[in-house]
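The values are calculated or read from the model by the stated rules, or taken from the named source; none is laboratory data. Note that the structure is predicted; figures quoted are calculated from it, not measured. A quick note on method: Cβ atoms are made from the backbone with ideal geometry, for glycine too, and the neighbour counts reach across all protein chains shown.
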Amino acid sequence: MDKIIYLDHYRTTRTSPYVLEKMRPYLEELFYMPVAFTQMGTDIAEAIEEASERIKKALNAPNSEIIYTSGGTQANNMVIHGIMRDQEPEQTGMITSVIDHPSINNAFDYYRKKGFEVKKVKVDEYGFWKTDQLEAALNDNSKLVSITLVNHTIGTIQRYNELKKIIRERNPKTLIHLDISMALMTQEIDFEALDADFLTLSSHKIYGPKGIGLIVSKRPVKLKPIFFGTVVTSPFSPGAENVAAIVGLSYAIEEAVKNRIEHHNNMKTLQKYLMNQIEMKIDLVELNGPVDERASDNINYSFRHIEGESIMMFLDFDSIVVATGSACASSDLKVNYILSAIGRDHEMAHGSLRITPGIDTTKEDLDIFVEKLVPIVERLRAQSTIR
Amino acid sequence: MAVIKYTKEVIEHFKNPKNVGEIENPDGGATVGSPACGDQVTVSLKIKDNRIEDIKFLSYGCASNIATGSIVTELAKGKSVDEAKKMTWKDAVDELGGLPPVKVHCSVLAVDGLKAAIQDYEEKKLGIKHERKIDEQSIIEKLKSVIYPKTGHNIIDEKLVKYLKYENGKVEIEISFDETDVYKQNVLEEIDEHLHEIDGVEEIDVKVVEY
């Protein structure tokens, strides 16, 4: 097989060798649980404590509570259900946007069915929340606003400070939940400055292991547990601690924050280069999402007259990995809801590719990608029903 | 989780599709599906002595859309018109060594394209009028073209349709899904698309019910 050119880092990243090395002892000799008053248990408890301190330092969250979860999806669900569990539907408002991550969006749908006042703010053609809709959605009942900082499909960076100002001014009691999963690699994350009530994060998007994520919460934690069992370190995540993954995640966060500016600059250079190449060499393409205020590691184009699964598969034959918003390639045959929400017609949504470079990506990789992509687009257009 | 992958026959027809293109001055032709649904096929025919002498297709769609267009045209070529009319999507799927259930609808579309092109030929060249009576039975037949992506079987055989009534251009359907069924929206769109193809159907009312 050829060298794999992996341009799908928004789906998942490989665990970095450094992180893996830090995890290894906890998968081998340090397999124990954090049991009090025992030598091995104390070592483990300390390792978890140190991991949490490492994370708080990296995210400037000295006065926070770190809650470990099984991933980003569970983190978002634990925040939403943890707040809503005991609320009365008639007096409880919940706000998110139409393009937020499914782990938020679908959880909100559940509460809508239960009779909660669920509002999904519309976005403009670039994926920015419409602030007038947010203002209209807020009221005295607003309990929670969930915001995804960087959109996982089109890379839009929400104008968080503007949204926060609107929320805090209208209802200071409204809790703000910010999902930073796609943001940490390229955006500055300062928990104190962000002043969100909760941050959520997934590990495998930032070169950490799969199966772990976290919630950073203000103190006191305004959540109710939704899982029950033996409380070892946190009442919110009872049961055996995923020690190796916790340690791994903490180092992955530390690395991401430490290398952020350099990584962002690299990504910006590659992003500009690839966008130029695509727009120069292929006609009838359109960028999805904004040009400015866009995460530097996200590129998303629609190719007119052709369908994305076909493009994706031909690239796959050449060991190039990208993602598509086509319904054909999705598990539920639905057209990508984000592309629909920013006003793309079905043809444009089906013909979209999400290209997300990562730390190993080189300019040469992008050259090979474009070199392969051009004839694929040409041949698929030549045999298309749409002219 | 189900492993969703294509057979080597599908991959081969996707990579090197047969009969791609458009016949100039065809004896019959049709375009079925729509970009909105993610797939569209155009079929054009040359008929000589009541046999399909040449056939070509164009495709907007995924790998299985292209592969089924290729195999259906390949199977139809050289057949008499009557033989070709008897072809089913199962013939295409078998020839491809199977399709993932979620992709079976592509083969239905390709065969529909072939049949619509033949119908066009019969109407334009032979002057045969295809007047169909619309009744509950003909609607059920039409709904047999709607594939449930979870199993690859049609929604009638899957017994998803619990109630059906046709009166004065209006179709009423009740259909049931589990709460967690991810294909609900897709099936509802497919029902709408297929029933709107029937001349005379003006209103479609589909209710999702729990049984």
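Taking B:L109 as the residue in question, decide whether it is within 14 Å of chain A (Cβ to nearest Cβ), buried (at least 20 other Cβ atoms within 10 Å of the Cβ), at pLDDT below 95 and within 22 Å of A:T385 (Cβ to Cβ).
Details: within 14 Å of chain A (Cβ to nearest Cβ): yes; buried (at least 20 other Cβ atoms within 10 Å of the Cβ): yes; at pLDDT below 95: yes; within 22 Å of A:T385 (Cβ to Cβ): yes.
Answer is yes for this residue.
For the range A:277-304, enumerate the residues that are aromatic (F, W, Y) and either in contact (Cβ under 8 Å) with a residue 60 or more places away in the chain or within 13 Å of A:E125 (Cα to Cα) (or both).
Residue satisfying the conditions is A:F303 alone.
Output the number of residues of the range A:231-270 satisfying the condition of being assigned to a helix (DSSP H, G or I) and either β-branched (V, I, T) or modelled with pLDDT under 95 (or both). Even if it seems obvious, please write down each step before you answer.
Filtering the range A:231-270 for residues assigned to a helix (DSSP H, G or I) gives A:243-258, A:260-270.
Filter once more, so that each one left must be either β-branched (V, I, T) or modelled with pLDDT under 95 (or both): A:243, A:246-247, A:253, A:257, A:261, A:269.
Result for the range A:231-270: 7.
This table checks each residue for (1) part of a loop (DSSP other than H, G, I, E, B); (2) farther than 28 Å from A:Q187 by Cβ; (3) β-branched (V, I, T).
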site: A:I48; (1), (2), (3): no, no, yes
site: A:A61; (1), (2), (3): yes, no, no
site: A:Y68; (1), (2), (3): no, no, no
site: A:T96; (1), (2), (3): no, no, yes
site: A:V118; (1), (2), (3): no, no, yes
site: A:G127; (1), (2), (3): yes, no, no
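Which of (1) of a type in the set (V, I, T); (2) closer than 21 Å to A:C328 by Cα; (3) over 17 Å from the mean Cα position of the chain (by Cα) does B:V171 not meet, given it meets every other one?
(2)
Please enumerate the residues belonging to the range B:71-110 that are touching a residue at least 24 places away in the same chain (Cβ under 8 Å) and basic (K, R).
Selection gives B:K77, B:K79, B:K85, B:K103.
Identify the residue in the range B:43-67 that is crowded, with 24+ Cβ neighbours inside 10 Å, among the β-branched types (V, I, T) and farther than 15 Å from A:E309 by Cα and, among all such residues, is nearest to the other protein chains (Cβ to nearest Cβ).
Only one residue fits best here, namely B:V43.
For residues in the range B:23-33 being more than 8 Å from chain A (Cβ to nearest Cβ) and closer than 25 Å to B:V187 by Cα, which is surrounded by the fewest Cβ atoms within 10 Å (Cβ to Cβ)? So that I can check it myself, show each step before the final result.
The first filter runs over the range B:23-33 and keeps only residues more than 8 Å from chain A (Cβ to nearest Cβ), leaving B:23-30, B:32-33.
Narrowing the set further to residues that are closer than 25 Å to B:V187 by Cα leaves B:30, B:32-33.
Numbers: B:A30: 20, B:V32: 22, B:G33: 24.
In this case the residue turns out to be B:A30.
Tell me which residues, restricted to the range A:185-206, are assigned to a loop (DSSP other than H, G, I, E, B) and within 18 Å of A:S70 (Cβ to Cβ).
To start, the set of residues in the range A:185-206 that are assigned to a loop (DSSP other than H, G, I, E, B) comprises A:185-190, A:195-197, A:203-206.
Result: A:S203, A:H204, A:K205, A:I206.
Taking A:D318 as meeting all but one of (1) over 22 Å from B:A36 (Cα atoms); (2) within 14 Å of chain B (Cβ to nearest Cβ); (3) crowded, with 17+ Cβ neighbours inside 10 Å, write down the number of the exception.
(3)
Give just the number: which of (1) within 12 Å of chain A (Cβ to nearest Cβ); (2) among the β-branched types (V, I, T); (3) touching a Lys or Arg at 6+ places or on another chain (Cβ under 8 Å) does B:I173 not satisfy?
(1)
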